[in-house]
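The values are calculated or read from the model by the stated rules, or taken from the named source; none is laboratory data. Note that the coordinates shown come from a computational prediction; the quantities given were computed from them, not determined experimentally. For neighbour counting, all protein chains shown are included, and Cβ atoms are generated from backbone atoms with ideal geometry for every residue, glycine included. Just so you know, the surface numbers come from the protein's heavy atoms only, side chains and all, with ligands and any DNA or RNA stripped out. Shrake-Rupley method; radii C 1.70, N 1.55, O 1.52, S 1.80 Å.
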Amino acid sequence: MSGDPQAAHRIDFSAASLRSMSRAGSAVAAPVRVLFRACGRIVEEGTEHLPAHGPVIIAAYHANYLDPILVGLALKARGHMPHYLAKSQLFTGALGAVLRRIGQIPVLRGSARAGDSLVYARQALEAGATVVIYPQGTLTKDPELWPQPARSGAARLALETGVPVVPVAHWGLETSYPRGAKVPRPAPRQPLTVRYGAPIDPRGFGTGPAAMTALSHRITAAIAAELAQLRGLPLPERYRADLGEPAQHEPAADAARDANPTDEEAR
């Protein structure tokens, strides 16, 4: 690796480089797919929402250390070479060499050049690539595994480029690699379902900080909505307003109202 960190993290997204990255990605994905089969079988829903080619921003749910592999394999099988924004600490040694070879994008946190990751992501999108970003920036810490509020990166990238955002949720890894487990548990029959949501057009959000906040909230809520579908659960109230959905009555509140109707309701 070069002694110049800026040179070490420089990425070329020319057409020739993208083709080379895709070929290398296919070579890496083949054995990984075989090994990953021990964790379950990949199932996809909502594939009609995934464009035939880039540019596209994939805003993915993040609740498991293995979900980058799950989402990446699903996208690659659909003809999309995923370019993840990943923490720069991963870009060292043999793993770092592989990540650079397949065009992954380091996030230089805590650096004066932290914004470079979005520069590279914009370059990838301008070249027609598929960029994958985890809006919340880390594994969700929600005790019920709902997505936490998004940081500004995904919204900023979408607003600056005008590229649509496809929200992606998944479910199943909590069985084969439950939180707190040191190693995955073999579960080859476990369905690992990846669900693509309807694309979000950033052009309808305007510009400026308010637009970035509104789009960030919308991305989080859209991921939560897809996750609710996968889990067969109602969407929590905190996400509904950002999707433009009316609030739903809580069952307990409805029962209390029925037991104690108002005068108007009694009539």
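Relative protection proxy for 89-97, 144-152, from highest mean packing down: 144-152, 89-97 (other beta-carbon atoms within 10 angstrom). Identify, among 75, 159, 51, the residue whose Cα sits farthest towards the positive end of the charge dipole of the chain, taking +1 on the Cβ of Lys and Arg and -1 on the Cβ of Asp and Glu, with the dipole about the Cα centre. Highest projection toward the positive end goes to 75. A full extension of the chain between residue 141 and residue 27 corresponds to an added length of 37.7 nm, given 0.36 nm per residue minus the alpha carbon distance. Residue-normalised convex hull volume from the C-alpha trace of the chain: 165 Å³ per residue. Of the whole protein surface, residue 242 contributes about 60 Å² of accessible area at a 1.4 Å probe radius. Taking only protein heavy atoms and a 1.4 Å probe, the accessible area of the range 78-170 is 54% carbon and sulfur.
For residue 52 and residue 94, FRET efficiency with R0 = 30 Å and r from the beta-carbon atoms, rounded to 0.05? Between residue 94 and residue 52 the formula returns 0.35.
For the chain, what does the helix formula give at 222 nm: sum of -39500 (n - 2.57) over DSSP H segments with n ≥ 4, over the residue count, nearest 500 deg cm²/dmol? Don't skip to the answer; put the middle values down first.
Working: 11 runs with 114 residues, N = 267.
Dividing the helical sum by the residues of the chain leaves -12500 deg cm²/dmol.
Listed by chain and number, the lysines whose C-alpha is less than 25 Å from the C-alpha of residue 76, apart from same-chain residues fewer than 8 away, are 87. The DSSP beta bridges internal to the chain are antiparallel in roughly 20% of cases.
Considering only protein heavy atoms, what per residue accessible area in square angstrom results for the chain with a 1.4 angstrom probe?
Details: 13630 Å² over 267 residues.
Computed with neighbouring chains in place, this is 51 Å² per residue.
Each label was represented as a point 7 Å from its Cα along the Cα-to-Cβ direction; for residue 152 and residue 179 these points are 2.8 nm apart.
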